[in-house]
1. Condition check: assigned by TED's automatic domain parsing to the domain that holds SER285, on the phi > 0 side of the Ramachandran plot and more than 16 Å from the ligand (Cβ to nearest atom). Does GLY255 satisfy that?
2. Where the second residue is of a type in the set (Ser, Thr, Tyr) and at pLDDT 95 or above and the first is farther than 14 Å from GLY529 by Cβ and lies in the range 412-425, which pairs have Cβ atoms under 7 Å and are six or more apart or on separate chains?
3. Do you know which residues across the range 495-541 are among the charged types (D, E, K, R), surrounded by 19 or more Cβ atoms within 10 Å (Cβ to Cβ) and in contact with a Ser or Thr (Cβ under 6 Å, 6 or more places away or on another chain)?
4. Determine which single condition ALA411 fails, assuming it passes every other condition in (1) outside the structural domain of MET492 (by TED's automatic domain parsing); (2) buried (at least 22 other Cβ atoms within 10 Å of the Cβ); (3) not polar (S, T, N, Q).
5. Taking the range 258-294 on its own, how many of its residues are more than 16 Å from the ligand (Cβ to nearest atom), over 23 Å from the mean Cα position of the chain (by Cα) and over 15 Å from ASP322 (Cβ atoms)?
6. Restricting to the range 289-302, name every residue that is surrounded by fewer than 23 Cβ atoms within 10 Å (Cβ to Cβ) and touching a residue at least 12 places away in the same chain (Cβ under 8 Å).
7. Take the residues in the range 171-191 that are crowded, with 24+ Cβ neighbours inside 10 Å and assigned to a loop (DSSP other than H, G, I, E, B), then tell me which one is nearest to the ligand (Cβ to nearest atom).
8. Can you confirm whether the range 366-377 contains a residue that is among the small types (Gly, Ala, Ser), surrounded by 23 or more Cβ atoms within 10 Å (Cβ to Cβ) and within 28 Å of the chain's Cα centre (by Cα)?
Amino acid sequence: MRLKIFSFTLLIICFFSFQNFAQQKSYLNEDPVIEKKVDELLSKMTLEEKIGQLVRKTEVNSETGVMIKEGKFGMMGNPGRQVRDSLQKIAVEQSRLHIPLAFAADVIHGYHTIFPVPLAQSCSWDPALVTKAARIAALEASSDGLNWTFAPMVDIARDPRWGRIVEGAGEDPYLGSIMAAAYVKGYQGKSLSDEGSISATAKHYVAYGAAQAGRDYNTVDISIRTLREIYLPPFHAAVNTGAGSIMSAFNDLNGVPASGNYFTLTKILRDEWKFKGVVISDYNSIGELVNHGVAKDKSDAARVGITAGVDVDLAGDTITGDIYAPYLESLVKNHIVPEKLIDRSVRRVLRLKYELGLFDHPYVDADFFRKNLPSQEDRNKIARQLADESIVLLKNEKNVLPLKKDIQSIALIGPLADDQDDLIGPWAPDGIPKNVVTVLEGIKNKISPKTKINYVKGCDFQDSSRAEFGEAINAVKESDVVVLVVGESRDMSGEASSRAFIDIPGVQEDLIKEIYKTGKPVIVVLMNGRPLTINWEAENVPAILETWFLGNQTGNAIADVLFGDYNPSGKLTATFPRAVGQIPIFYNHMNTGRPPSPTDHYTSKYLDCPVTPLYPFGYGLSYTNFSYSDFTIDKKNISEKDSLIASIKITNSGSIAGHEIVQLYTHDHYADVTPPVKELKGFKRIYLQPGESKIVKFVIKPKMLAFYNIDMKKVVEPGIYDVMIGKNSDDYLKTSFELKK
Ligand code: BGC
């Protein structure tokens with residue numbers, strides 16, 4: 001079997017090398033030239049024109065042109081390239097102050113070239129590749145006239161019932177922060193003013209992922225400690241990487257809705273983090289302050305929003321969301337909102353427009369994209385590599401996988417086996433389903449001409465018809481092996497798509513069980529936007545691949561893994577529960593006073609389910625074996641100014657080359673607040689040939705051990721710390737050291 005790991009062509013290397021991703025433009029230092037221009041422009045603006053800059057219009061209609069001429073709004077959605085340029089012409093040539101529009105919309109995991117959904121991308125643990133994919137998305141989107149994306153979603157999610165878990169990087173704040181930075185670097189490139197750069201928006205600020213009971217838009221009630229330790233870090237990372245904007249969330253946070261929350265929007269974001277970019281509301285999240293019960297009417301909602309620190313009203317032309325345009329003017333004229341608050345927000349919007357280079361280059365430079373947009377083939381290569389790396393092998397008993405390419409026959413069954421539409425996932429408004437490689441096509445591209453594929457859909461996602469079960473079983477009986485492609489449709493995760501039961505929906509599991517009875521080797525290929533409860537499959541089916549939604553290259557990537565051209569390397573970034581009743585279940589929980597003990601009844605556990613997950617955070621198998629040995633640390637005691645090196649030997653003890661994601665965790669033995677049982681502090685992706693060994697080293701610095709103490713001060717405390725290095729959060733070698741004063 002030949003392992004093909006994509007090594008990129010020189011062309012791709014050259015293309016990406018023009019981006020110096022390490023050097024981001026930071027908003028922490030205001031550019032004096034831009035500040036001067038902003039001040040001058042602001043001094044010429046009427047109140048109406050200022051408010052116009054704080055409104056983002058979603059749709060084009062018969063009044064749009066006149067509104068632009070009158071400066072009634074400063075931002076738009078995505079009207080498509082042609083319309084975009086003609087509207088921009090009105091803004092630049094016919095409006096009084098010639099302020100260009102900014103075009104802002106959702107580019108989440110690709111624009112036309114659709115990459116794996118963000119949850120899948122995070123399972124690659126390959127931030128450099130995530131950056132490359134985001135860069136392609138930025139180039140495609142900006143070639144179509146977009147200047148600004150509402151991505152990345154950096155919400156930590158510990159609850160797989162919440163459908164939007166699919167849009168983020170999973171449950172861990174450390175990995176989440178790294179991925180947040182990776183996306184910002186890709187979207188914004190070396191400089192926001194580059195033709196191919198778009199402003200990133202870290203969303204949804206903040207703690208949206210902690211919705212009670214996993215129900216979208218629901219109340220969030222968490223401690224300030226959890227807010228600071230878990231939910232804020234990815235936003236801070238995005239801000240530190242230079243993200244141009246932040247989106248304020250829908251949810252109520254500890255009694256104060258996120259889009260009217262002075263503490264998070266101003267005290268933390270502006271005063272602590274010195275964020276100079278734009279805060280944009282979520283869709284009608286200012287108007288919804290009335291529903292939350294913190295504003296008496298829409299006008300009052302506008303007051304609460306702008307006072308808390310929301311600069312732009314996202315849905316500023318919709319019936320429900322039109323809040324700033326109609327109300328801010330009278331609020332200012334009646335001295336309820338000081339004009340300097342409006343000025344502050346307008347200044348941020350203008351600053352970003354200058355940073356984006358919109359005043360100098362308001363139109364799309366088609367020539368630039370002709371020269372700089374990589375060929376579709378090269379874009380597909382990145383998409384395929386990222387899809388390969390996103391797949392997680394959950395089970396592979398008796399090495400059922402990989403399959404031989406000259407296998408006689410394969411039964412391919414399931415509603416997702418020959419589907420294009422669902423594979424692009426829940427958030428790809430500009431994706432083109434006909435460009436998606438289905439699993440059937442991907443397998444056909446791979447196998448020998450002698451191999452017969454017996455394809456039957458078998459059933460649908462959610463209805464109860466078993467009419468095709470018989471045909472599917474017959475196809476299986478005539479085949480050597482069965483590949484079952486099952487899971488969720490694309491609309492079963494994403495916004496407003498929470499589920500109370502997170503098993504494989506409809507009669508799909510019954511179909512798997514019936515097929516299993518034939519005795520043929522069963523490979524389950526899962527596609528879904530969240531961890532699922534799959535106890536029966538984990539117990540019975542010999543091989544399971546978690547593929548999430550992989551985008552345009554789905555079929556090719558799944559075939560790469562099924563037939564061993566890519567040795568799976570993905571590791572889970574969200575825990576798989578055994579039962580919904582275990583949720584929230586995540587690896588970095590606190591210890592209790594009574595940790596679970598099977599021999600002691602009065603300990604923290606369930607009567608009817610183990611406390612352990614089905615698959616833990618960081619878990620994922622390979623077609624080879626990696627053994628961990630010779631774990632050492634170079635010092636047993638260090639001072640706060642010191643650091644130590646933890647080294648471990650990883651050996652590929654199997655017969656196939658492959659990547660391993662080596663994970664570093666630490667645990668504080670005691671503090672004045674309960675420390676988590678472990679926390680991810682580092683990881684390395686390594687590649688080993690069969691029989692090859694590598695020493696992997698991690699430098700541990702005391703500042704990595706910092707936490708919020710009982711007085712909510714970020715401190716590093718002396719004490720005993722465990723260091724764990726391993727394959728996942730549940731399988732590692734451990735040692736400890738002392739941090740001395
Ligand atoms: C979503 C955001 C999205 C916005 C604009 C909202 O409903 O919550 O994530 O960016 O719509 O499309």
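The values are calculated or read from the model by the stated rules, or taken from the named source; none is laboratory data. This one's a predicted model, so the numbers in the text were calculated from it and none came from an experiment. With ideal geometry, Cβ positions are generated from the backbone for all residues, glycine too; neighbour counts draw on all protein chains shown.
1. Values: assigned by TED's automatic domain parsing to the domain that holds SER285: yes; on the phi > 0 side of the Ramachandran plot: yes; more than 16 Å from the ligand (Cβ to nearest atom): yes.
Yes.
2. As it stands, the answer is LEU412/TYR455; ALA417/TYR455; ASP418/THR438; ASP418/TYR455; ASP419/THR438; GLN420/THR438, since those pairs meet every condition given.
3. From the range 495-541, those among the charged types (D, E, K, R) are 495, 499, 503, 509-510, 513-514, 517, 520, 530, 537, 539; that's our starting set.
Adding the requirement that they be surrounded by 19 or more Cβ atoms within 10 Å (Cβ to Cβ) leaves 499, 530, 537.
Within the range 495-541, just ARG530 meets the criteria.
4. Failing condition for ALA411: (1).
5. Matching residues across the range 258-294 total 13.
6. Applying the first criterion (surrounded by fewer than 23 Cβ atoms within 10 Å (Cβ to Cβ)) to the range 289-302 yields 290-300.
Selection gives HIS292, VAL294, ALA295, LYS298, SER299.
7. GLU171
8. Going residue by residue through the range 366-377, those that are among the small types (Gly, Ala, Ser) are 366, 375.
Okay, now just the ones that are also surrounded by 23 or more Cβ atoms within 10 Å (Cβ to Cβ), so none.
Looking for residues that are among the small types (Gly, Ala, Ser), surrounded by 23 or more Cβ atoms within 10 Å (Cβ to Cβ) and within 28 Å of the chain's Cα centre (by Cα), one finds none in the range 366-377, hence no.
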